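Notes follow once the structure below has been shown.
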Amino acid sequence: MLLFKGINPSNTGLLVIDVINSCADESCEIKKWNITFSKIRTMVPKLKAFIITYRETINTNIFLTNTVPWQKEFVKDNINELYEDERVIYYTEDRTGFAEKFYALSPTATDTVVTKNTNDVFSNKEFVSELSARGIKYLITTGIFSDGCVLSSVMSGFSLGFNFVVLRDLVETTDSENRQKIQKLLLHFTFPCLCARVGSSEDFSKSWKLKLNK
């Protein structure tokens, strides 16, 4: 894949979006709404392995996002206003904290956990400041949902001047046929044309090694 000319280990970070129970665990599925996560659960082990390799071979600029409890009293006001339409309400019913915990991932002491109360991680000003403080301009992007918080975050971050590499085999959405079609369009058209380079994790790793060995 074609990497950005300016990308290097000192200005690059790995962004892992919302690999949390509410977006992956079987107990959080809502089958009556066709919200199931089997494809996500298939993707996560590969993502976990990639994170380990990234940490060992590139750098420790790893950012994992989670969310506040996705309930009326915690999310942003405009989300609550959107949810006045009963057809799109998506509050979590869990009150134990389980929904917000990471699914199958365990951040290390060098990782940064970023909590958000809306779809877009760049709405967290402390996160943006941290990226600037570390000199990070490029973000290797993975996570859940490709057609939701990943899309929102990449579009927003690009508008702020960051550049993105979306790894197509390490982002995923629900099993819904329609959402899978949307994901395909995003990865083949929207992302590469508007806001990100797109490639597989394998292609990225190969291109990264070639770039560093030049």
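To the nearest ten degrees, helix 201-212 and the longest principal axis of the Cα atoms of the chain are 30 degrees apart. Shape analysis of the chain yields a ratio of the Cα radius of gyration to the Kirkwood radius, Rg/Rh, of 0.95.
Between Ala133 and Ile35, the contour length at 0.36 nm per residue exceeds the alpha carbon distance by 31.4 nm.
Compute the signed sum of charges (Lys and Arg +1, Asp and Glu -1) over the other residues within less than 11 Å, Cβ to Cβ, of Thr142. Charge balance near Thr142 sits at 0.
Candidate cross-link partners of Lys31 among the lysines, defined by an alpha-carbon separation under 17 Å and a same-chain spacing of 8 or more, comprise Lys39.
Summarising the label geometry, the points placed 7 Å from Cα in the beta-carbon direction at Lys211 and Glu177 lie 3.9 nm from one another. For a straight C-alpha distance cut-off of 24 angstrom, the lysines reachable from Lys137 (same-chain residues fewer than eight places away being disregarded) are Lys5, Lys48, Lys116, Lys125, Lys206, Lys209, Lys211, Lys214. Put simply, when 55-62, 205-212 are sorted by average Cβ atoms within 10 angstrom per residue, most first, you get 55-62, 205-212. Here the spin labels are modelled as points 7 Å beyond Cα on the Cα-Cβ line, and at Asn80 and Val68 they lie 0.9 nm apart. Between the helical axis of 149-159 and the longest alpha-carbon principal axis of the chain there is an angle of about 50 degrees. Using only Cα atoms, find the angle between the long axis of helix 125-134 and the longest principal axis of the chain, and express it within 0 to 90 degrees, rounded to the nearest 10. Approximately 10 degrees, to the nearest ten.
Read-outs: derived from the displayed coordinates by stated rules, not from any lab. Quantities reported herein were computed from a predicted structural model and do not represent experimental measurements. When we count neighbours, we look across all protein chains shown, and the Cβ atoms used for this are built from the backbone with ideal geometry, even at glycine.
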